[in-house]
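Remarks on the structure that follows.
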Amino acid sequence: MRYPNALRLCLALCLFSLLQAPALAQDTVKIAYVDPLSGGGASIGEVGVKTFTFLADEINAKGGVLGKKLEIVAYDNKLNPQESLVQIQKAIDSGIRIVTQGNGSAVAAAISDFAAKFNERNPGKEFLFLNYAAVDPVLTNEKCNFWHFRWDANSDIKMEALTNYMKTRPNIKKLYLINQDYSFGQAVRAAAKKMLAAKRSDIPIVGDEMHPLLKITDFAPYIAKIKASGADSVITGNWGQDFALMLKAAADAGLQVDWYTYYAGGTGGPTAVKQSGVNHRVFEISEGSANIPHQSSQDFERAFRAKYDIGLFYPRVVNEMRMLAVAINEAKSLEPAKIAAKLEGMKFDVHDGGEGFMRKDDHQFFQPMYIRSFGERSDKEPFDEEKTGWGWRTITRLDTANTMLPTTCKMDRPS
């Protein structure tokens, strides 16, 4: 009699598990993270996975959203627009209706366009695209759409801030531009030329270089051109290995110039800056910094570093994930259109202090911005980067109101 009883118990447990499986699956809200996890962009993509996962864990510890836990599901897009759409379709087919991506404006443009077309053709199956780092201005101007939201400042906003600082520096005599040859790099180049012509027409641009994205393994020839030009300052939007390898080549060549950058803080960047010996001569425009004297963000920084042994590169992801949680809970729904309606116009106390807001007109987030330099730390700067002993120092802070630029977006909203 023991065996039939055991068999009956086993069958009962199996049936219970089968009945419970759908309910358990519904208790999780999945977010598709679509970014490079292989190839030249893998190091940046992996940092993104860790950052989003950390934020999901934080939100889950506070009850999640609508009583459900958030889960980050990573998809490798190999930094390719077509592969990104393949991966997003896989995510949609698995039931995911929130997608986030950041690395590569060409990728973001493809996803945004796909979201607009897919959502129009598939009512009831719409998905939301949350952009944390792709900063081509067209994404919230002529190519804006209702299903796309951006938390990073676009490249024109960043260049406006950088050039406002540069116009105050009389030591800039000759300038060199070097950027990645795709939509973002081209936008950086165009904005730099236009804004400097208006603010510092006395500065000649002695070099203007575009190079393939994440394809260059030896930047020595490019550094040789910069050195030969006599430039004392460089503007670059390079990120990932394209920045780190460029600075390492500069160190090998003994090039000593000031660098005005967007993403010097990315993986490998701080190490390359330290190796180059350009103490507080690398400047970056950013929405935050570890050494800003703000208690809650520094507490977060300590916890993040304790878990992953890296610094927080994406303060904007903190804002994105926390705002998403608020939007879902306020909407009392997981329907993308209802979440989007709550995000539009939302005001929010940002990670590093101060108020930001999501502009309804174009779904561009505005927030305080900082120009910071990298080098030897003072006693008031507790955090170093990549165990270099060097850290970020705030040079100037721009309030939210001073970061805003107009938009040309003509947004169509679902009826």
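The values are calculated or read from the model by the stated rules, or taken from the named source; none is laboratory data. Predicted, not measured: the structure shown is a model, and the values here were computed from it. With ideal geometry, Cβ positions are generated from the backbone for all residues, glycine too; neighbour counts draw on all protein chains shown. What goes into the accessible areas is simple: the full protein's heavy atoms, side chains included, and nothing from ligands, DNA or RNA. Shrake-Rupley method; radii C 1.70, N 1.55, O 1.52, S 1.80 Å.
The rows are residues; the columns are (1) in contact with a Cys (Cβ under 8 Å, 6 or more places away or on another chain); (2) among the aliphatic types (A, V, I, L, M); (3) under 24 Å from Trp392 (Cβ atoms).
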residue: Lys167; (1), (2), (3): no, no, yes
residue: Ser183; (1), (2), (3): no, no, no
residue: Ala191; (1), (2), (3): no, yes, yes
residue: Pro204; (1), (2), (3): no, no, no
residue: Gly265; (1), (2), (3): no, no, yes
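So which pairs qualify, if the first residue must be in segment 36-49 and closer than 21 Å to Ile216 by Cβ and among the polar types (S, T, N, Q), the second must be open to solvent by 10 Å² or more (accessible area, probe 1.4 Å) and not in a helix (DSSP H, G or I), the Cβ gap must be under 8 Å, and the two must be at least 6 apart or on different chains?
Note: pairs meeting the criteria are Ser38/Asp76; Ser38/Lys78; Ser43/Thr267; Ser43/Gly268.
Starting from segment 218-243, keep only residues that are of a type in the set (Phe, Trp, Tyr), then list their pairs with residues that are open to solvent by 40 Å² or more (accessible area, probe 1.4 Å) whose Cβ atoms are within a distance under 7 Å, requiring at least 6 positions of separation or different chains.
Cβ pairs passing all conditions: Phe219/Leu245.
Are there helices (runs of 4 or more DSSP H) fully within segment 1-116 with at least 3 residues that are at pLDDT 95 or above and under 30 Å from Arg302 (Cβ atoms)? List them.
Helices (runs of 4 or more DSSP H) meeting the threshold: 42-61.
Could you tell me whether Thr236 is open to solvent by less than 10 Å² (accessible area, probe 1.4 Å) and farther than 28 Å from Asp349 by Cα?
When the stated conditions are applied, Thr236 passes them.
Gly389 passes all but one of (1) among the small types (Gly, Ala, Ser); (2) touching a Lys or Arg at 6+ places or on another chain (Cβ under 6 Å); (3) surrounded by fewer than 16 Cβ atoms within 10 Å (Cβ to Cβ); which number fails?
(2)
Could you list all residues from segment 134-145 that are open to solvent by less than 10 Å² (accessible area, probe 1.4 Å) and either among the hydrophobic types (A, V, I, L, M, F, W, C) or touching a Pro at 6+ places or on another chain (Cβ under 6 Å) (or both)?
The answer is Ala134, Val135, Leu139.
Do you know which residues across segment 385-398 are out of contact with any helix residue (DSSP H, G or I) (no Cβ under 7 Å at 6 or more places or on another chain), in a loop (DSSP other than H, G, I, E, B) and in contact (Cβ under 8 Å) with a residue 60 or more places away in the chain?
Scanning segment 385-398 gives a single hit, Gly389.
Testing Ala401 on (1) in contact (Cβ under 8 Å) with a residue 12 or more places away in the chain; (2) surrounded by fewer than 18 Cβ atoms within 10 Å (Cβ to Cβ); (3) of a type in the set (A, V, I, L, M, F, W, C), one condition comes back false. Which one is that?
That leaves (1) as the condition not met.
Being touching a strand residue (DSSP E or B) at 6+ places or on another chain (Cβ under 8 Å), within 27 Å of Pro204 (Cα to Cα) and either at pLDDT below 95 or in a helix (DSSP H, G or I) (or both) is the filter here; which residues of segment 130-158 pass it?
Ile157, Lys158
Scan segment 207-233 for residues that are more than 23 Å from Pro137 (Cβ to Cβ), of a type in the set (A, V, I, L, M) and crowded, with 18+ Cβ neighbours inside 10 Å and jot them down.
Once the filter is applied, which keeps residues that are more than 23 Å from Pro137 (Cβ to Cβ), of a type in the set (A, V, I, L, M) and crowded, with 18+ Cβ neighbours inside 10 Å, segment 207-233 yields Ile216, Ile223, Ile226, Ala231.
Pull up segment 169-195, narrow it to residues that are in a loop (DSSP other than H, G, I, E, B) and within 26 Å of Val107 (Cα to Cα), then point me to the one that is least open to solvent (accessible area, probe 1.4 Å).
Taking the candidates together, the pick is Tyr182.
For Gly48, are the conditions met, namely being of a type outside the set (D, E, K, R), crowded, with 17+ Cβ neighbours inside 10 Å, in contact with an Asp or Glu (Cβ under 6 Å, 6 or more places away or on another chain) and under 16 Å from Glu320 (Cα atoms)?
yes
Is it true that some residue in segment 240-252 is assigned to a loop (DSSP other than H, G, I, E, B), in contact with a Gly (Cβ under 8 Å, 6 or more places away or on another chain) and buried (at least 23 other Cβ atoms within 10 Å of the Cβ)?
Yes, segment 240-252 contains at least one residue that is assigned to a loop (DSSP other than H, G, I, E, B), in contact with a Gly (Cβ under 8 Å, 6 or more places away or on another chain) and buried (at least 23 other Cβ atoms within 10 Å of the Cβ).
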